[in-house]
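Enquirer: Supplied in structure tokens, the structure appears directly below.
The values are calculated or read from the model by the stated rules, or taken from the named source; none is laboratory data. The shown structure was predicted, so the numbers you read here are calculated from the model rather than taken from an experiment. Neighbour counts run over all protein chains shown; Cβ positions are idealised from the backbone, glycine included.
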Amino acid sequence: MPKDHGIGAASKRREDVRFLTGTGNYTDDINLPRQLYVHFLRSDIAHGEIRHIDTSDAEGMPGVKRVFTGKDFEGVGGLPCGWQVTDKHGQPMQEPAHPVIAQGKVRHVGEILAAVVADSRERARDAAEAIEFDIAELPAVVDMKAALADDAPKVHDDLDGNLCYDWGFVEENRAKVDAAIREAAHVTTLELVNNRLVANPMEPRVAVGDYSRADDQSTLYTTSQNPHVIRLLMGAFVLGIPEHKLRVVAPDVGGGFGSKIFHYAEEAFCTFAARQLGRPVKWTSTRSEAFMSDAHGRDHVTKIELALDAENNFTAIRTETHANMGAYLSTFAPSVPTWLHGTLMAGNYRTPNIYVNVKAVFTNTVPVDAYRGAGRPEATFQLERVIDKAARELGVDPIALRRQNFVTEFPYATPVAVEYDTGDYNATMDKLEEIADIEGFEARRRESEAKGKLRGLGVNAYIEACGIAPSNLVGQLGARAGLYDAATVRVNATGSISVMVGAHSHGQGHETSFPQVISEMLGIGEDQVEIVHGDTSKIPFGMGTYGSRSLAVCGSAMVRATEKVVAKAKKIAAHLLEAAEADIELRDGKFTVAGTDKEVAWGDVTLAAYVPHNYPLEDIEPGLEETAFYDPANFTYPAGAYACEVEVDPETGKVTIERFAAADDFGNVINPMIVDGQVHGGIAQGIGQALLENCAYDETGQLVSASYMDYAMPRADDVPFYAVDHSCQTPCTHNPLGVKGCGEAGAIGSPPTIVNAVIDALHSGGHKVGHIDMPLTPARVWAAMQD
Amino acid sequence: MTKVSMTVNGEAAEGEAEGRTLLVEFLREELGLTGTHVGCDTSQCGACVVHVDGKAVKACTIFALEAEGAEVRTIEGMANPDGSLTVVQQAFQDHHGLQCGFCTPGMVMSAAALLEENPRPSEAEIRDYLEGNICRCTGYHNIVKAVLAASGQDADRIAAE
């Protein structure tokens, strides 16, 4: 019998009611009295020297309050980078200044040249057209390898070339890896592109800055995954506003997928301009602006070599990757191709020797940063593609080759600096073979062939490191912040509970799943618990939601705070029941004295805490509210196995996904309905990357795909129903819930599955294709079949 | 600015609009009905779908002045008179057909219009009809199930086939 509440129940989401009735409160729904609107004039040139900007005509236009340019921000801090990578020679990465409004030069299409603030959106937009400017166009660098040529144009004149860093990991492994590859019985080599993507949450970014002269208080309403991080970065590094004078609110947020982690220029601008003008200033991104100002994702070019011995055991992996940083370093950009990518190169396999080299490169493109999975999809893609290619070269079954090399004993220390605590990769592969009906594939292939279609099966495993913390480890790796999280459990007098959490829900359903945990712990109804998030004035602190960390890190803080609440409540109950504290038990919302029928209800204890007439005042304070910070000892390591069957039309190259199955191990699961939904969404984004999506620049740095007319988003008729399963559960050993995180898995595991399936389909038609770069559009697949 | 009047969710609504004001801007900014969302600027995403004279319309594709005298229904007017969720809305909750909720108003309005036209659509017909509504969160799995369920079909069985 499935549970109807608490941990493991598929509780319906309470937040749905407001979203289904149009009563959500997204940032663009916020309108403040006397609000002004800003329109940003953005560069349509990728690289150029700003010779002249004349705003006088614009300033005279109706309704215009003020026009800001780079000059207005000369004394203001730039946007900070939150992660410093040290290169293979021990030197810090090159870190350019990142102005709020362009100063002297523009370095990518979409960079802000000027900002018009007016009393309506339309008037601001009209006036922006009256700004006169002269930009001397300079040659742009778009291709990463070209950007590293000695005579390449420099994105930043004050830096030493366009190389941000040249990272080697682990440098001490390198000689052993080179030797293992030299001595291998077989080496499979693959060169591939991990295509540049745009996260595209359906809600475009919005910022509303407000300022109160009465108490010198600034407020920023913003579409953020982590309001406290924005408060810290913007307050301390950009505008110089101390935390107690700056409130950041992220209300309902319409999806993030990483792109709303980062601190953006528009947030700083609206906060700054509201202080300057003494009126609220609002910006609502258009989708076209989003394409040229939201941080992009992926964009790696990689060569990977996999060495095997004569028995097909993996003996070494060596990779060389060029990673695009874009024109500036977005908040966490340097960490993505390094610590979120290199550390995952062992995958699910016992490969003793691994060396990863990453060259991060500046180009005249929008900054690139974390997008769902962030580094781990890039690692998984290259590894699972090269294993598939090796299996084909060696004529062995790709599933058997994987199983032969799986890590089977835990904990397992990889040669790339992480230790997997738990897992059972054979179990998820067994489950996958069952739910995907791998046995039935050959019959389905014959059916497809009878219709004139090529059918392929792709299978792979994946692992990811998430639940992003531990602070002492990430600090050693270059993070400039801690990555714990915090929760305050406030028990009200009549027993209901408000939980203030540092995690931020923008689709993940925390308002439903977090109360399930407390309901389980206290034996009270889920409806007695409310989650408060997204407002720095209400929440003690928190690092926000990304890296599949909310439940593993913030949920654990909530558990610790609840444990403190229970400990105190037991003291109160012992007093009321005139019993020893050690004999008090809490079950089903009642405190009982062990071995007796004496009991006191949860609500009577909480009332006593606030109306302490009969209360142990000499021992404990009144009130019932506890805060905990939680900093886990390790990452969590969700893992699983995915299978995809595709049909390829040999006439057109069109790929359709016929079946998709995912068997994941997320450790313990709080709400299986929500977990299913997270996996579905991740898989769809993986399908998007594999078949449809591509953020394209031309050689002059023009962004070619800047709208939904040009950037192909997955739609309802591009995807099938998915078979997902998370019944294989090896609980995480270092958080109290035993949870691992499920938000990114689908997007990490699925792109290689789909490409493996298409390659398999083409081989079944006699096309000996080694690889096709994503997205596998009909044109690319058709061309591959003609070679 | 021109005066414009229409019926919105059964009530007379009046306001001012420029010639270039889109219906979605009028609904959100003039009438304060912020349930209808804007997710793109090329009429691709469908977050702004409302019903105009009974038909599903992307409210970014018509000007406010074109809706003069029209019967407009938005997500705010979808629930039953007692405030409870209608069958379609309830199916979205029951089947977890929404995550961040941003595309949801348009998705619900499109789904309701589909079921008006075709009370028992197949999976393929649902996917085809919703092609103009982009969702980035759900991978569409649970949205399609919700619409199947709202039409009285066994969504779990169909999804598992």
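Enquirer: Examine region A:444-453 for a residue that is in contact (Cβ under 8 Å) with a residue 60 or more places away in the chain, closer than 30 Å to residue A:630 by Cβ, surrounded by fewer than 19 Cβ atoms within 10 Å (Cβ to Cβ) and not hydrophobic (A, V, I, L, M, F, W, C), and state whether such a residue exists.
Expert: Looking for residues that are in contact (Cβ under 8 Å) with a residue 60 or more places away in the chain, closer than 30 Å to residue A:630 by Cβ, surrounded by fewer than 19 Cβ atoms within 10 Å (Cβ to Cβ) and not hydrophobic (A, V, I, L, M, F, W, C), one finds none in region A:444-453, hence no.
Enquirer: Sort through A:14, A:66, A:34, A:51 and tell me the only one that's surrounded by fewer than 19 Cβ atoms within 10 Å (Cβ to Cβ) and within 11 Å of another protein chain (Cβ to nearest Cβ). Spell out how you get there, then give the answer.
Expert: Values: A:66 fails: within 11 Å of another protein chain (Cβ to nearest Cβ); A:34 fails: within 11 Å of another protein chain (Cβ to nearest Cβ); A:51 fails: within 11 Å of another protein chain (Cβ to nearest Cβ).
Going through A:14, A:66, A:34, A:51 in turn, just one is surrounded by fewer than 19 Cβ atoms within 10 Å (Cβ to Cβ) and within 11 Å of another protein chain (Cβ to nearest Cβ): A:14.
Enquirer: Quick one: in region A:350-383, of everything that is more than 21 Å from the chain's Cα centre (by Cα) and buried (at least 24 other Cβ atoms within 10 Å of the Cβ), which residue is nearest to residue A:761 (Cα to Cα)?
Expert: A:351
Enquirer: Tally the residues that are more than 19 Å from residue A:753 (Cβ to Cβ) and either among the basic types (Lys, Arg) or surrounded by fewer than 13 Cβ atoms within 10 Å (Cβ to Cβ) (or both), restricting the search to region A:395-407.
Expert: Let us first name the residues in region A:395-407 that are more than 19 Å from residue A:753 (Cβ to Cβ), namely A:395, A:404, A:407.
Right, trim to either among the basic types (Lys, Arg) or surrounded by fewer than 13 Cβ atoms within 10 Å (Cβ to Cβ) (or both) and you get A:395.
The total comes to 1.
Enquirer: Let me ask something else. Do we find that residue A:576 is closer than 21 Å to residue A:372 by Cα and either outside any strand (DSSP E or B) or touching a Gly at 6+ places or on another chain (Cβ under 6 Å) (or both) in this structure?
Expert: Working: closer than 21 Å to residue A:372 by Cα: no; either outside any strand (DSSP E or B) or touching a Gly at 6+ places or on another chain (Cβ under 6 Å) (or both): yes.
No; evaluated as a whole, the condition is false for this residue.
Enquirer: Follow-up. Determine which member of the set A:783, A:747, A:757 is assigned to a helix (DSSP H, G or I) and surrounded by fewer than 18 Cβ atoms within 10 Å (Cβ to Cβ). Quick ask: steps written out before the conclusion?
Expert: Values: A:747 fails: surrounded by fewer than 18 Cβ atoms within 10 Å (Cβ to Cβ); A:757 fails: surrounded by fewer than 18 Cβ atoms within 10 Å (Cβ to Cβ).
Matching residue, one of A:783, A:747, A:757: A:783.
Enquirer: Within region B:79-89, track down each residue that is buried (at least 20 other Cβ atoms within 10 Å of the Cβ) and more than 7 Å from chain A (Cβ to nearest Cβ). Before the answer, list the steps.
Expert: Let us first name the residues in region B:79-89 that are buried (at least 20 other Cβ atoms within 10 Å of the Cβ), namely B:88-89.
Within region B:79-89, just B:88 meets the criteria.
Enquirer: Still on this structure, please answer the following. Limited to region A:14-41, what total is found for residues that are more than 21 Å from residue A:224 (Cβ to Cβ) and of a type in the set (D, E, K, R)?
Expert: 3
Enquirer: Residue A:108 fails exactly one of the following numbered conditions: (1) within 14 Å of another protein chain (Cβ to nearest Cβ); (2) closer than 23 Å to residue A:289 by Cβ; (3) under 29 Å from the mean Cα position of the chain (by Cα); (4) of a type outside the set (Val, Ile, Thr). What is the number of that condition?
Expert: So residue A:108 meets the others, but not (1).
Enquirer: Of A:370, A:316, A:290, A:307, which residue is aliphatic (A, V, I, L, M) and within 14 Å of chain B (Cβ to nearest Cβ)? Reasoning before the result, please.
Expert: Details: A:370 fails: within 14 Å of chain B (Cβ to nearest Cβ); A:316 fails: within 14 Å of chain B (Cβ to nearest Cβ); A:307 fails: within 14 Å of chain B (Cβ to nearest Cβ).
None of the other options fit; the residue is A:290.
Enquirer: Report those strands (runs of 3 or more DSSP E) wholly inside region A:278-342 carrying at least 2 residues which are closer than 30 Å to residue A:218 by Cβ.
Expert: It comes to A:281-284.
Enquirer: Can you pull out every residue in region A:17-31 that is of a type in the set (Asp, Glu) and at the interface with chain B (Cβ under 7 Å from one of its Cβ atoms)?
Expert: Start the filter on region A:17-31 by keeping residues that are of a type in the set (Asp, Glu), which leaves A:28-29.
Within region A:17-31, just A:29 meets the criteria.
Enquirer: Here's another thing I want to ask about it. Is one or more of the residues making up region A:643-653 within 12 Å of chain B (Cβ to nearest Cβ) and not small (Gly, Ala, Ser)?
Expert: Within region A:643-653, the subset within 12 Å of chain B (Cβ to nearest Cβ) is none.
Taking every residue of region A:643-653 in turn, none turns out to be within 12 Å of chain B (Cβ to nearest Cβ) and not small (Gly, Ala, Ser).
Enquirer: Moving to a separate point now. Are any residues in region B:16-72 within 10 Å of the chain's Cα centre (by Cα), outside any loop (DSSP other than H, G, I, E, B) and more than 11 Å from every other protein chain (Cβ to nearest Cβ), and if so, which ones? Please lay out each step first, then the result.
Expert: Here is the first cut: in region B:16-72, the ones within 10 Å of the chain's Cα centre (by Cα) are B:35-37, B:46-51, B:56-59.
Next cut, outside any loop (DSSP other than H, G, I, E, B) only: B:49-51, B:56-58.
Scanning region B:16-72 gives B:49, B:51, B:56, B:57, B:58.
Enquirer: Next question. Would you please list the contacts, defined by Cβ atoms under 6 Å and residues six or more apart or on different chains, that run from a residue in region B:68-97 that is under 21 Å from residue B:48 (Cα atoms) to a residue that is among the charged types (D, E, K, R)?
Expert: Listed by first residue and then by second, the contacts come to B:70/B:53; B:71/B:53; B:93/A:12; B:93/A:16.
Enquirer: Also, I was wondering about something else. Please go through region A:250-280 and pick out each residue that is of a type in the set (A, V, I, L, M) and either farther than 27 Å from residue A:18 by Cα or touching a Lys or Arg at 6+ places or on another chain (Cβ under 9 Å) (or both).
Expert: Applying the first criterion (of a type in the set (A, V, I, L, M)) to region A:250-280 yields A:250, A:253, A:261, A:265, A:268, A:273-274, A:277.
Within region A:250-280, A:250, A:253, A:265, A:268, A:273, A:274, A:277 meet the criteria.
Enquirer: Moving on. Scan region A:706-744 for residues that are more than 9 Å from chain B (Cβ to nearest Cβ), surrounded by 19 or more Cβ atoms within 10 Å (Cβ to Cβ) and in contact with a Leu (Cβ under 6 Å, 6 or more places away or on another chain) and jot them down.
Expert: A:739
Enquirer: Among the residues of region A:420-455, write down those that are closer than 21 Å to residue A:758 by Cβ and not in a helix (DSSP H, G or I).
Expert: A:436, A:437, A:451, A:452, A:453, A:454, A:455
Enquirer: In region A:295-309, what residues are buried (at least 23 other Cβ atoms within 10 Å of the Cβ) and closer than 18 Å to residue A:375 by Cα?
Expert: Across region A:295-309, the qualifying residues are A:295, A:296, A:297, A:298, A:299, A:300, A:302, A:304.
Enquirer: If a residue has to be over 27 Å from the mean Cα position of the chain (by Cα) and outside any strand (DSSP E or B) to count, how many in region A:485-542 make the cut?
Expert: The number of residues fulfilling the criteria is 15.
Enquirer: Also, I was wondering about something else. Which ones in region A:204-222 are of a type in the set (Ser, Thr, Tyr) and either in contact with a His (Cβ under 8 Å, 6 or more places away or on another chain) or farther than 30 Å from residue A:547 by Cβ (or both)?
Expert: Taking region A:204-222 as the starting set, the residues that turn out to be of a type in the set (Ser, Thr, Tyr) are A:211-212, A:218-219, A:221-222.
Selection gives A:211, A:212.
Enquirer: Let me ask another. Can you find, within region B:91-150, the residue that is surrounded by the most Cβ atoms within 10 Å (Cβ to Cβ) among those that are facing chain A (nearest Cβ under 9 Å), more than 18 Å from residue A:713 (Cβ to Cβ) and acidic (Asp, Glu)?
Expert: Selected residue: B:123.
Enquirer: For residues in region B:151-161 being in contact with a helix residue (DSSP H, G or I) (Cβ under 8 Å, 6 or more places away or on another chain) and within 11 Å of chain A (Cβ to nearest Cβ), which is surrounded by the fewest Cβ atoms within 10 Å (Cβ to Cβ)?
Expert: Only one residue tops the list, namely B:156.
Enquirer: Still on this structure, please answer the following. Quick one: which residue in A:242, A:227 is at negative phi and within 24 Å of the chain's Cα centre (by Cα)?
Expert: On the way: A:242 fails: within 24 Å of the chain's Cα centre (by Cα).
Just a single option satisfies the conditions, and that option is A:227.
Enquirer: Being farther than 28 Å from residue A:588 by Cα and modelled with pLDDT of 95 or more narrows it down to one of A:507, A:482, so name that one.
Expert: Numbers: A:482 fails: modelled with pLDDT of 95 or more.
Just one listed residue meets the conditions, A:507.
Enquirer: Could you pull out the residue among A:254, A:240 that is closer than 22 Å to residue A:506 by Cα and in contact (Cβ under 8 Å) with a residue 40 or more places away in the chain?
Expert: Values: A:240 fails: closer than 22 Å to residue A:506 by Cα.
Just a single option satisfies the conditions, and that option is A:254.
Enquirer: Could you list all residues from region A:657-695 that are under 30 Å from residue A:453 (Cα atoms), in contact with a helix residue (DSSP H, G or I) (Cβ under 7 Å, 6 or more places away or on another chain), polar (S, T, N, Q) and more than 8 Å from every other protein chain (Cβ to nearest Cβ)?
Expert: Once the filter is applied, which keeps residues that are under 30 Å from residue A:453 (Cα atoms), in contact with a helix residue (DSSP H, G or I) (Cβ under 7 Å, 6 or more places away or on another chain), polar (S, T, N, Q) and more than 8 Å from every other protein chain (Cβ to nearest Cβ), region A:657-695 yields only A:689.
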